[in-house]
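The values are calculated or read from the model by the stated rules, or taken from the named source; none is laboratory data. Just so it is clear, the model here is predicted, and its values are computed rather than measured. Neighbour counts run over all protein chains shown; Cβ positions are idealised from the backbone, glycine included. Heads up: the accessible areas ignore ligands, DNA and RNA and are worked out on the full protein's heavy atoms, side chains in. Shrake-Rupley method; radii C 1.70, N 1.55, O 1.52, S 1.80 Å.
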Amino acid sequence: MSIPVIGTAVVNNTYWVTRLIASIDQPVDKFVIFNNGGDQTVQKELESIKQLNTRYINEICIVNLPGNIGFSG
């Protein structure tokens with residue numbers, strides 16, 4: 001049985017999301033990353049992460065927001 005969805009947010013850099021992805025050891029159908037900083041450098045790094053061949057994650061989805069919309073957004 002797999003986990004349907006895991007989601008996380010990124011604002012300044014991809015270090016911690018990369019560590020999070022590397023730590024997953026159970027099957028996950030979809031891993032969603034919200035780029036909440038609007039930074040083009042982070043966006044490019046996330047696209048590279050999306051192309052990674054992960055053992056347990058079936059699909060990585062990136063949602064690029066125009067800027068930091070805050071916690072409630």
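Yes/no matrix, rows are residues, columns are (1) more than 18 Å from Val5 (Cα to Cα); (2) at pLDDT below 95:
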{"residue": "Ala22", "(1), (2)": "no, yes"}
{"residue": "Gly37", "(1), (2)": "yes, yes"}
{"residue": "Gln43", "(1), (2)": "yes, yes"}
{"residue": "Ile57", "(1), (2)": "no, no"}
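Tell me the residue from Asn64, Asn53, Asn13, Asn58 that is in contact (Cβ under 8 Å) with a residue 40 or more places away in the chain and open to solvent by 30 Å² or more (accessible area, probe 1.4 Å), please.
Step by step, each of Asn64, Asn53, Asn13, Asn58 is checked, and only Asn58 is in contact (Cβ under 8 Å) with a residue 40 or more places away in the chain and open to solvent by 30 Å² or more (accessible area, probe 1.4 Å).
Any idea how many residues of the range 24-35 are more than 13 Å from the chain's Cα centre (by Cα) and either modelled with pLDDT under 90 or among the polar types (S, T, N, Q) (or both)?
Selection size over the range 24-35: 1.
Kindly provide the set of residues from the range 16-32 that are touching a helix residue (DSSP H, G or I) at 6+ places or on another chain (Cβ under 9 Å) and either more than 14 Å from Thr54 (Cβ to Cβ) or open to solvent by less than 40 Å² (accessible area, probe 1.4 Å) (or both), ordered by number. Give the derivation first.
From the range 16-32, those touching a helix residue (DSSP H, G or I) at 6+ places or on another chain (Cβ under 9 Å) are 17-18, 21, 31; that's our starting set.
Answer for the range 16-32, where residues must be touching a helix residue (DSSP H, G or I) at 6+ places or on another chain (Cβ under 9 Å) and either more than 14 Å from Thr54 (Cβ to Cβ) or open to solvent by less than 40 Å² (accessible area, probe 1.4 Å) (or both): Val17, Ile21, Phe31.
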